[in-house]
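The values are calculated or read from the model by the stated rules, or taken from the named source; none is laboratory data. Computed from a predicted structure; not experimentally measured. When we count neighbours, we look across all protein chains shown, and the Cβ atoms used for this are built from the backbone with ideal geometry, even at glycine.
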Amino acid sequence: MATLKLTYFDFDGGRGEPARLALHVGGIAFEDHRIAGKDWPALRDKTPFLAMPTLEVDGLVVSQSNSINRYVGKLSGLYPKDDLQAFLCDEVMEAVEDISTRIAQTIGLPEDAKKEARAELAAGHLTRYLEQFQARLKGAGGEYFADRRLTVADLKVAMLIRWLRSGVLDHIPKDLVDTVAPQLVKHFERVINHPKVAEYYQRRKAA
Ligand SMILES: N[C@@H](CCC(=O)N[C@@H](CS)C(=O)NCC(=O)O)C(=O)O
């Protein structure tokens, strides 16, 4: 088994969290290297594409969150072997990237511009994406996004849903998901209550 070191910001969410969860669920040993915001500028130029997460595999540093998710998903048994199920898994993960990037682009905006951009996003793209995630979930059987079992796609969507419902995103109603796509709330609860996921957060709390 390769030696793995996952590097990402020191919080329980974002682009690095699905890989941390997948590795834990799969029982795969890895170094969970957490970077404080103040240390990021010094590290930035050392990453392949000036961003995190990165994954070091036996000394080779690679990046791009969904590529990392697929790789660790394969190691952890959380990525479909069937090509079409893998496609469904990938489609959802890429769509989470699209919408997360749109949200992230509003973070540094001045207050008035942020309010306008987020209101437009909430009524437009975000609602559309949530409805479509719910439709994909229903199409895949209603419980998981692919393969009728937990995959890295479920972990990635669950992190998005937790972010949207957390209340940290001003001007995006924190009940938007509950209103527009209630099945995604049920899905989030299913994922977060998965025994290995629940165990992961119990350990984080105790750490
Ligand atoms: N396409 C990349 C995007 C990576 C990305 O933008 N990461 C953010 C953190 S979630 C980052 O490193 N931001 C710091 C910066 O851009 O300086 C991926 O999916 O990994």
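Which residues, taken from segment 19-44, are within 9 Å of the ligand (Cβ to nearest atom) and of a type in the set (Phe, Trp, Tyr)?
Selection gives Trp40 alone.
Only one of (1) away from the ligand (no atom under 11 Å from the Cβ); (2) at pLDDT 95 or above fails for Phe11. Which number is that?
Every listed condition holds for Phe11 apart from (1).
Scanning segment 50-79 for residues that are within 12 Å of the ligand (Cβ to nearest atom) and in a helix (DSSP H, G or I), which turns out nearest to Ala2 (Cα to Cα)? Outline the logic, then answer.
The initial filter retains those residues of segment 50-79 that are within 12 Å of the ligand (Cβ to nearest atom), namely 50-55, 62-70.
Next, only the ones that are in a helix (DSSP H, G or I) stay: 65-70.
Values: Ser65: 18, Asn66: 19, Ser67: 16, Ile68: 14, Asn69: 16, Arg70: 15 Å.
Only one residue tops the list, namely Ile68.
Quick one: Gly16 ticks every box in (1) assigned to a helix (DSSP H, G or I); (2) within 16 Å of the chain's Cα centre (by Cα); (3) surrounded by fewer than 19 Cβ atoms within 10 Å (Cβ to Cβ); (4) near the ligand (Cβ under 10 Å from one of its atoms) except a single one, so which number is it?
Failed condition: (3).
Examine segment 189-200 for a residue that is of a type in the set (Gly, Ala, Ser) and surrounded by fewer than 16 Cβ atoms within 10 Å (Cβ to Cβ), and state whether such a residue exists.
Yes; the residues of segment 189-200 include at least one that is of a type in the set (Gly, Ala, Ser) and surrounded by fewer than 16 Cβ atoms within 10 Å (Cβ to Cβ).
Starting from residues that are assigned to a loop (DSSP other than H, G, I, E, B) and under 17 Å from the mean Cα position of the chain (by Cα), keep the ones in segment 144-156 and report whichever is farthest from Arg102 (Cα to Cα).
Step one: list which residues in segment 144-156 are assigned to a loop (DSSP other than H, G, I, E, B), which gives 144-145, 147-148, 150-151.
Add one more test, that the residue is under 17 Å from the mean Cα position of the chain (by Cα), and what stays is 144-145, 150-151.
Values: Tyr144: 25, Phe145: 22, Leu150: 26, Thr151: 24 Å.
Looking at the filtered set, the residue picked out is Leu150.
Return only the number of the condition from (1) within 12 Å of the ligand (Cβ to nearest atom); (2) in a helix (DSSP H, G or I) that Thr47 does not satisfy.
(2)
Cβ-Cβ under 8 Å, sequence separation 6+ or interchain: first residue in segment 115-143 and in a helix (DSSP H, G or I), partner surrounded by fewer than 16 Cβ atoms within 10 Å (Cβ to Cβ) and hydrophobic (A, V, I, L, M, F, W, C). Which pairs?
Correct list of pairs: Ala117/Leu109.
Of all residues in segment 103-114, which are within 14 Å of the ligand (Cβ to nearest atom), in a helix (DSSP H, G or I) and either surrounded by fewer than 15 Cβ atoms within 10 Å (Cβ to Cβ) or at positive phi (or both)?
If the condition is that a residue be within 14 Å of the ligand (Cβ to nearest atom), in a helix (DSSP H, G or I) and either surrounded by fewer than 15 Cβ atoms within 10 Å (Cβ to Cβ) or at positive phi (or both), then Ala104 is the only one that fits.
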